[in-house]
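S.K.: If you scroll down you'll find the structure; I have some questions about it.
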Amino acid sequence: MTTLTMKDEKRLEVIQRVYRSELTVAQGALVMGLSERQCYRIKARVGKVGAKGVVHGNRGQPCKHKTEEETVKQIVELARGKYQGFNDHHLTEKLQEQEQIDVSREKVRRILRSHGIASPKKRRGIKHRSRRERRAAEGMMLQVDGSPHDWLQGRGPRLCLIGAIDDATSKVMGAFFVQAESSWGYFTLFSDIFKEHGLPQSVYSDCHSVFWTDREPTLAEQLINKKPTTEVGRGLEDLGVTLILAHSPQAKGRIERLWNTFQDRLVSELRLAKAKSLEQASVVLERYLPMHNRKFSKPAKAQPAWRKVSAVQIERALCFKQQRTVAKDHTVTFDGIIFQIPKKSPYRSYANRRVDVHVFLDGAVQFFYKSERIASFDAKTTHTLGLYRMHGKKEGFRYGPVSKLDAQTGNVPLT
C-alpha cells in the first residue's frame, strides 16, 4: 500500500481535474510548479497505475551511493577507539590518509551523530567584535603567545607550548614545548625565526611579565625619559622590532584560535603517538607543523617584509644583559661566580668600572665596557664554573652541579 504525502495528494487532485477537463495540462503544471512535460508524465503514470503514479519512482528504494554497513561499523569503531576525541574534519582526514576510507566530512558527521557520538568541540555564543584586517605581507607582524595545557592528557608532565604565527598568512613560524613561559623560551623562539627568515616589523603579544613590567623606572631611565622594559622587550628594541601589547585575548585572536586548533588536533596526534615526555612531544610537534601550515596557511597580498640581519646582531640583542662593577683585582662576581678579567695592557685598568654582562643562549658570557668587549668565556667554561640558566616558573641564574632531577625538570645547562 502506497502512502501519499500532502504534496502527493495535491498533485493527484490537480491531475484528476485535468482528466475532468477542469484544467488544461499547462494550467495543471503551473499549479504544481512543474514543467508541462513533467505534468504529461505524471498524468500518464496515474492513468496507468492509479494514485501511486504521483509518487516518485525512487521512493522506498535503497540509495545507490549508500555507504556499506561494514564501512559504517568500521568508522564508528575507529571513532570510539583509535581516534577517540578527534573532531569530524580531523577524523575524516585520518580515515582517508591512514585507513583508506574515502568518505566526506558531512557523511562522517551524520554517521557519528546517528550513533550517539557527539562532537568534542563545544559551541559558545558569539560576541560582537570589531574586525582587524590582516597585514598585507608576511613578516609585517608576528603574534606570539604561550599555551600552558595538559598536552599529554596525564601521560606525562604538564607542558607549555610557545609559538609565533604570521598575521598575514596564518603560518606558524615556530613553536616548541617548554616547562613554562620564560624570557629564555621567547629568546630562543625569536632567535630561530629571525635567523631563518629575518626580522619582522612588529611583534604582537599579551601583557605577560616576559613582555611587560610595572616596575618604577630607575634614575638612569628617568634622565633619558625611557620606559622600563623587560629583557625580551629590550632585545626586540635593540633589533628595531616594535613590540605591541594586547590587552585582551580577543585582540590577538589569530594565535588564540591557533591554540584552539592545536588543543584539538595536536592533542589527538600526541595521543595517537602515545607521547609521554617533552622529548617525545617535541618529535610529534616537529612532524605536525608542516602538515598544519600546508592546510591552514593563506597566501599574502604582498611580497614578504622580512628584514635580513646578521646572526651576530641577533645573538647580541637576544641575550640577557646586566651590569656589574669590576673589583680592584679585576674580577667580576656574577651570581656567586667570580670571573677574572684578563690583563690586556699594564697601563689600563677596569677597576671600579661598571661593565655590561651579556649571557648568551648557549651559556657563553661576555663582558663589555663602553661597547668594547673586554672578556669572553665560552659555554664550556661557564658550565665548568657552574653557571646555569633556570628555565622553570622561577626564572633566573644558578650555580653549582646539575642533578638528575634538574635535567628532568628543565634546570639544565644552556646548551
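The values are calculated or read from the model by the stated rules, or taken from the named source; none is laboratory data. Every value quoted in this text rests on a predicted model; they were computed, and no experiment measured them. Here the Cβ positions follow ideal geometry from the backbone for every residue, glycine too, while neighbour counts run over all protein chains shown. In case anyone asks, the SASA skips ligands and DNA or RNA and just uses the protein heavy atoms, side chains included. Shrake-Rupley method; radii C 1.70, N 1.55, O 1.52, S 1.80 Å.
S.K.: Could you give the angle, 0 to 90 degrees to the nearest 10, between helix 278-296's Cα long axis and the longest principal axis of the Cα atoms of the chain?
M.R.: The two axes meet at around 50 degrees.
S.K.: Right, another one. Helix 88-97 sits at what angle to the longest principal axis of the chain, using alpha carbons and giving 0 to 90 degrees rounded to 10?
M.R.: 90
S.K.: Compare His383, His65, His247 in a GNM of the chain, Cα atoms joined below 10 Å, and give the one with the largest fluctuation.
M.R.: Its mean-square fluctuation being the largest, the pick is His65.
S.K.: Same structure again: Please list, ordered by chain and number, the residues whose modelled amide H lies under 5 Å from the amide H of Ala375; skip anything fewer than 5 residues away on the same chain.
M.R.: The list, which skips near neighbours in sequence, is Phe367.
S.K.: With θ set to phi - 60°, apply the Karplus curve 6.51 cos²θ - 1.76 cosθ + 1.60 along region 55-70 and write out the HN-Hα couplings as whole Hz, x wherever there is a Gly or Pro.
M.R.: 7, 4, x, 7, 5, x, 8, x, 5, 5, 9, 5, 5, 4, 4, 5
S.K.: Starting from a Cα-only point model with no solvent, please compute log10 I(q)/I(0) by Debye for the chain at q = 0.06, 0.13 1/Å.
M.R.: Log-scaled intensity ratios, in q order: -0.44, -1.17.
S.K.: Continuing with the same structure: Under unit Cβ charges (Lys, Arg +1; Asp, Glu -1), what dipole magnitude, rounded to 20 debye, does the chain have relative to its Cα centre?
M.R.: Values: 72 positive and 45 negative charges, 312 e Å.
The dipole of the chain has a size of about 1500 debye.
S.K.: Now for a separate question. Give me a comma-separated list of calculated 3J(HN,Hα) values for region 328-342, in order, Karplus coefficients 6.51, -1.76, 1.60 applied at θ = phi - 60°, integers in Hz, x for any Gly or Pro.
M.R.: Calculated HN-Hα couplings, in order: 5, 8, 6, 10, 10, 9, 10, 6, x, 10, 9, 9, 8, 7, x Hz.
S.K.: Just want to confirm a number: the relative contact order over region 199-285, from Cα pairs under 8 angstrom separated by 6+ residues, in percent.
M.R.: On the way: 73 pairs, mean separation 25.9, N = 87.
The value is 30 percent.
S.K.: Could you tell me the center-to-center distance, by alpha carbons, between region 309-327 and region 47-123 in angstrom?
M.R.: Their Cα centres are 60 Å away from one another.
S.K.: Pop out the carbon and sulfur fraction of the accessible area of the chain as a percent, whole number, probe 1.4 Å. The partial results should precede the final answer.
M.R.: Values: 12220 of 24340 Å².
C and S fraction of accessible area: 50 percent.
S.K.: Taking Cα atoms, how many degrees apart are the long axis of helix 183-196 and the longest axis of the chain, rounded to 10 and kept between 0 and 90?
M.R.: 70
S.K.: Which loop chymotrypsin sites (Phe, Trp or Tyr not before Pro) in region 286-362, with loop taken from DSSP, have no more than 12 other Cβ atoms within 10 angstrom of their Cβ? Numbers along the way, then the final one.
M.R.: Numbers: sites: Tyr288, Phe296, Trp306, Phe320, Phe334, Phe339, Tyr347, Tyr350, Phe360; in loops: Trp306, Tyr347, Tyr350, Phe360.
Those satisfying the criteria are Tyr347.
S.K.: Given Val18, Gln74, Cys39, which one lies farthest toward the positive end of the charge dipole of region 14-131, if we put +1 on the Cβ of every Lys and Arg and -1 on the Cβ of every Asp and Glu?
M.R.: So the residue furthest toward the plus end is Val18.
S.K.: Turning to a different aspect of this structure: Hey, got a sec? Which trypsin sites (Lys or Arg not before Pro) in region 323-370 land in a DSSP loop and have at most 15 other Cβ atoms within 10 Å?
M.R.: On the way: sites: Arg324, Lys328, Lys343, Lys344, Arg348, Arg353, Arg354, Lys370; in loops: Lys328, Lys343, Lys344, Arg348, Arg353, Lys370.
Of the trypsin sites (Lys or Arg not before Pro), the ones in loops of region 323-370 whose Cβ has at most 15 other Cβ atoms within 10 Å are Lys328, Lys343, Lys344, Arg348, Arg353, Lys370.
S.K.: Which net charge results when you count Lys and Arg as +1 and Asp and Glu as -1 among the other residues whose beta-carbon is under 11 Å from that of Gln27? Please list the in-between numbers first.
M.R.: Values: positive: Arg17; negative: Glu22, Glu36.
Within the 11 Å Cβ shell, the charges total -1.
S.K.: Next question. Whole-Hz ³J(HN,Hα) for each residue in region 315-325, computed from phi via Karplus 6.51 cos²θ - 1.76 cosθ + 1.60 with θ = phi - 60°, x for glycine and proline: what do you get?
M.R.: Per residue, the Karplus-derived 3J(HN,Hα) values read 5, 6, 8, 8, 8, 8, 10, 9, 10, 9, 9 Hz.
S.K.: Could you list which residues have their amide H under 5 Å from that of Leu159, counting only those 5 or more apart in sequence or on another chain, with H placed in the peptide plane?
M.R.: The list, which skips near neighbours in sequence, is His149, Trp151, Leu152.
S.K.: Could you tally the net charge around Gly174, taking each other residue with its Cβ under 14 Å from the Cβ of Gly174, Lys/Arg +1 and Asp/Glu -1? Before the final figure, lay out the partial values.
M.R.: On the way: positive: Lys171, Lys195; negative: Glu138, Asp145, Asp166, Asp192, Glu196, Glu286.
Charge balance in the 14 Å sphere: -4.
S.K.: Using only helices, what value at 222 nm comes out for the chain when you add -39,500 (n - 2.57) per DSSP H run of length 4 or more and divide by the total residues, to the nearest 500 deg cm²/dmol?
M.R.: -10500 deg cm²/dmol
S.K.: Quick one: which of 250-261, 213-224 comes out on top by average Cβ neighbours within 10 Å, and what's the full order, highest first?
M.R.: On the way: 250-261: 17.4, 213-224: 9.8.
Per-residue mean Cβ counts within 10 Å order the peptides as 250-261, 213-224.
S.K.: Which one, Gln323, Phe339, Ala351, projects farthest toward the positive side of the charge dipole computed for region 315-356 from Cβ point charges (K/R +1, D/E -1)?
M.R.: Selected residue: Ala351.
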